[in-house]
Amino acid sequence: MKAGAVEATDKEASKPIPIPKVRVSRVLSVLDFTLRVVAALGTLASAIAMGTSRETLPFATQFVRFRARYKDLPTLMFFVIANSIVCVYLVLSLPLSSVHIIWTAAKNSRIVLIISDTVMMGLVTAGASAAAAIVYLAHYGNSSTNWFAFCRQFNGFCGRISGSLIGSFVAITVLVLLIIMQSVAISRR
């Protein structure tokens with residue numbers, strides 16, 4: 001008799017304990033808030049790194065100098081503007097994300113965040129892709145269009161603009177994760 005009783009308790013103990021939906025939604029909301037902060041910092045760092053990149057090289061005389069600035073290339077200006085807009089959006093979306101931590105049943109605001117995150121992901125992807133194309137040309141040039149690789153002369157400038165792409169691509173990855181997480185949170189309803 002006792003052996004049968006032991007088997008019954010073993011069967012009950014082996015059953016998985018269901019995780020409440022509210023707890024999973026709250027964890028997703030906290031992770032959403034954290035990822036928004038990470039993406040905002042990435043876009044802010046990228047915009048600052050690109051916006052402050054400049055280098056001046058002296059020529060034969062003191063009066064003639066060659067200068068490289070991000071403002072010389074409109075694509076890099078678009079990169080700075082796009083990252084700045086996305087950074088402001090991410091900072092402004094933090095209060096709404098914190099509301100989801102407290103009130104996990106919010107569905108309409110999550111849909112708004114998914115749509116807005118998708119638009120911002122498109123904007124930062126466009127800026128980062130365009131800037132990556134210019135950085136590639138700066139490093140390797142293009143002989144058929146007579147674009148020489150000016151990174152041989154402007155090492156500091158090119159290193160800085162190459163590094164600024166990292167934060168932007170991190171933000172793209174985080175925005176993709178945010179869109180997936182918001183979709184999962186909505187689908188659990």
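Only helices (runs of 4 or more DSSP H) wholly contained in segment 74-156 count here; list those with 1 or more residues that are charged (D, E, K, R).
Working: elements: 74-92, 94-102, 108-140.
Ranges flagged: 108-140.
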**Request:** Would you mind finding the one in Leu57, Leu73 that is at pLDDT below 75 and open to solvent by less than 50 Å² (accessible area, probe 1.4 Å)?
**Result:** Leu57
**Asked** Looking only at residues in segment 90-107 that are open to solvent by less than 30 Å² (accessible area, probe 1.4 Å) and polar (S, T, N, Q), which one is farthest from Val174 (Cα to Cα)?
**Response** Thr104
**Request:** Search segment 133-156 for residues being open to solvent by 50 Å² or more (accessible area, probe 1.4 Å) and touching a helix residue (DSSP H, G or I) at 6+ places or on another chain (Cβ under 6 Å), and hand back the single one that is modelled with the highest pLDDT.
**Result:** His139
**Message:** Being surrounded by fewer than 15 Cβ atoms within 10 Å (Cβ to Cβ) and over 22 Å from Arg69 (Cβ atoms) is true for just one of Ile166, Ile115. Which residue is that?
**Reply:** Ile115
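The values are calculated or read from the model by the stated rules, or taken from the named source; none is laboratory data. Note that the coordinates shown come from a computational prediction; the quantities given were computed from them, not determined experimentally. Note that each Cβ is placed from the backbone with ideal geometry, even for glycine, and that neighbours are counted across all protein chains shown. Surface accessibility is based on the protein's heavy atoms, side chains included, excluding ligands, DNA and RNA. Shrake-Rupley method; radii C 1.70, N 1.55, O 1.52, S 1.80 Å.
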